[in-house]
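Report on one structure; see the data block that follows.
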Amino acid sequence: MTLLPPWAVVGQRRLAHIERVVALLDDWATAMALDADERRDWHDAGRYHDALRDAPESLLRPLAAACHDDRGADGWVTPSLADADVPLLHGPAAARRMADDGERRVAVLEAVRYHTVGSHEWDRVGRALYLADFLEPGRTFARADRAWLARQVPHDFEGTFRQVVRLRLEWALRDGHALRPETVQLWNTVR
């Protein structure tokens, strides 16, 4: 069973999703023979990514607003997501709670913060979480295709990541969703 922080707000369905994401990340880390620090980063990003997914907007929005805009080394402004729709607030809110609890691993915080929309500044931790959140086997759509992609991750991490970003963009556009600037920047980085 995945250990969640005391501030987590998740139901049983969400907990099962978190456990599948963590298991997938742990399996990939083993297959890729990651060092202990990166393995721990991947595991913890999966453990925390949806820790506030079932929380009410009244809790999420103030926490998300506390994640200030940052200017990256490349000059891009990384927005706080405080203006985002409610389903996108749980990542920045969880990252804020993690930081308040003393978490200082920037890669883990940024992975959790942007796992729903993506970030062009991510290292492998953020990319791995983005992959696992999308490819975890409990999701019901395109099971065979997603299972195949999940098996490719240890062998072609970057290629699989690029495919998943493309798929997520295509589905968002097909479903009539607007693309967040973070998502567009990510696509421009990997295409």
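Among the residues of the range 152-182, those that are assigned to a helix (DSSP H, G or I), surrounded by 12 or more Cβ atoms within 10 Å (Cβ to Cβ) and of a type in the set (D, E, K, R) comprise ARG162, ARG166, ARG168, GLU182.
Residues that are out of contact with any His (no Cβ under 9 Å at 6 or more places or on another chain), part of a loop (DSSP other than H, G, I, E, B) and in contact (Cβ under 8 Å) with a residue 60 or more places away in the chain occur in the range 3-11; there is at least one.
Could you list, in sequence order, the residues of the range 138-151 that are touching a Lys or Arg at 6+ places or on another chain (Cβ under 8 Å), surrounded by 13 or more Cβ atoms within 10 Å (Cβ to Cβ) and closer than 19 Å to HIS49 by Cα?
First, pick out the residues of the range 138-151 that are touching a Lys or Arg at 6+ places or on another chain (Cβ under 8 Å): 138-139, 146.
With surrounded by 13 or more Cβ atoms within 10 Å (Cβ to Cβ) added as a condition, the list becomes 139, 146.
Correct list: ARG139 only.
If you go through the range 96-107 and keep only what is of a type in the set (Gly, Ala, Ser) and either surrounded by fewer than 13 Cβ atoms within 10 Å (Cβ to Cβ) or at pLDDT below 95 (or both), you end up with ALA99, GLY102. Of the helices (runs of 4 or more DSSP H) lying entirely inside the range 82-149, those containing at least 1 residues that are acidic (Asp, Glu) and in contact (Cβ under 8 Å) with a residue 40 or more places away in the chain are 124-135.
The values are calculated or read from the model by the stated rules, or taken from the named source; none is laboratory data. None of the values given here were measured: they were computed from a predicted structure. For neighbour counting, all protein chains shown are included, and Cβ atoms are generated from backbone atoms with ideal geometry for every residue, glycine included.
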